[in-house]
Amino acid sequence: MARKEIHKIIKVHLKGGGASPAPPLGPALAAAGIQVMDFCRQFNDATRERAEETLPTEIIVYKDKSWEYRIKTPLTRDLVKKELGIDTASPEPNRVRVGELSREQLERIARIKLPDLNTDDLEMATRIIAGSCRQMGVNVEGYYWEIAKGPTRAQIDAAEKAAAAAAAAAASTEEEAEGAPAEVSQEKAEPGGEKEK
């Protein structure tokens with residue numbers, strides 16, 4: 001059987017059971033000549049039990065307008081967050097750490113990701129995952145990364161906000177002082193035009 005000629009490969013990240021015709025997926029599929037609802041129905045039926053996962057997906061479109069899709073392994077960041085029980089990565093990975101992976105957890109993630117990595121060696125895979133952890137602000141057992149010195153972005157923002165609030169308060173006090181009515185000496189005038197002193 002002759003191998004089909006590939007026309008286009010569409011790469012998207014979709015929530016399990018959550019494919020919809022909305023952009024960017026719908027327009028991309030329509031432009032490739034794919035019936036959008038057919039794809040959404042098939043994908044959602046196959047991934048409904050993985051609703052909490054973001055699934056990297058490749059949709060292969062052939063010259064004859066037939067198509068198929070392949071679901072890759074979950075995103076590394078999602079696997080790390082799941083292992084650590086955290087919702088988000090660090091806003092400043094070089095300053096703020098949000099957790100630490102054990103060697104066992106690192107290898108577990110590496111085994112899951114191995115089919116999609118450019119290596120079939122587990123040790124090399126763990127190094128790749130450890131590098132992703134570093135970018136997330138996650139420590140890894142057996143690895144050491146120096147934390148940058150000085151205040152974090154959050155601390156700088158808080159200090160700037162406090163300074164701005166203090167300046168605004170000072171300016172408001174000054175305006176109130178300038179706007180207060182000055183005390184005027186009231187002198188009573190007597191008949192004849194002379195003033196009583």
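Does any residue of region 19-36 turn out to be crowded, with 16+ Cβ neighbours inside 10 Å and touching a Pro at 6+ places or on another chain (Cβ under 7 Å)?
Yes, the conditions are met somewhere in region 19-36.
For region 117-131, state whether one or more residues are under 28 Å from A51 (Cβ atoms), in contact with a Pro (Cβ under 9 Å, 6 or more places away or on another chain), modelled with pLDDT under 95 and not assigned by TED's automatic domain parsing to the domain that holds L14.
No, region 117-131 contains no residue that is under 28 Å from A51 (Cβ atoms), in contact with a Pro (Cβ under 9 Å, 6 or more places away or on another chain), modelled with pLDDT under 95 and not assigned by TED's automatic domain parsing to the domain that holds L14.
What number of residues within region 53-72 satisfy the criterion of being surrounded by fewer than 16 Cβ atoms within 10 Å (Cβ to Cβ), over 13 Å from A19 (Cα atoms) and touching a helix residue (DSSP H, G or I) at 6+ places or on another chain (Cβ under 9 Å)?
The total comes to 1.
With a cut-off of at least 1 residues that are of a type in the set (S, T, N, Q) and touching a strand residue (DSSP E or B) at 6+ places or on another chain (Cβ under 8 Å), name the helices (runs of 4 or more DSSP H) lying wholly within region 22-133.
36-47
Among all residue pairs at least 6 apart or on different chains, which show Cβ distances below 6 Å where the first residue, located in region 84-106, is of a type outside the set (A, V, I, L, M) and the second is buried (at least 16 other Cβ atoms within 10 Å of the Cβ) and in a strand (DSSP E or B)?
Hits for this filter: R97/N139; G99/V138; E100/N139.
Among the residues of region 1-21 satisfying the criterion of being of a type in the set (A, V, I, L, M) and within 26 Å of T76 (Cβ to Cβ), which is farthest from the chain's Cα centre (by Cα)?
I9
The values are calculated or read from the model by the stated rules, or taken from the named source; none is laboratory data. Computed from a predicted model, the values in this text were never measured in an experiment. Ideal geometry is used to build each Cβ from the backbone, glycine not excepted, and the neighbour counts take in all protein chains shown.
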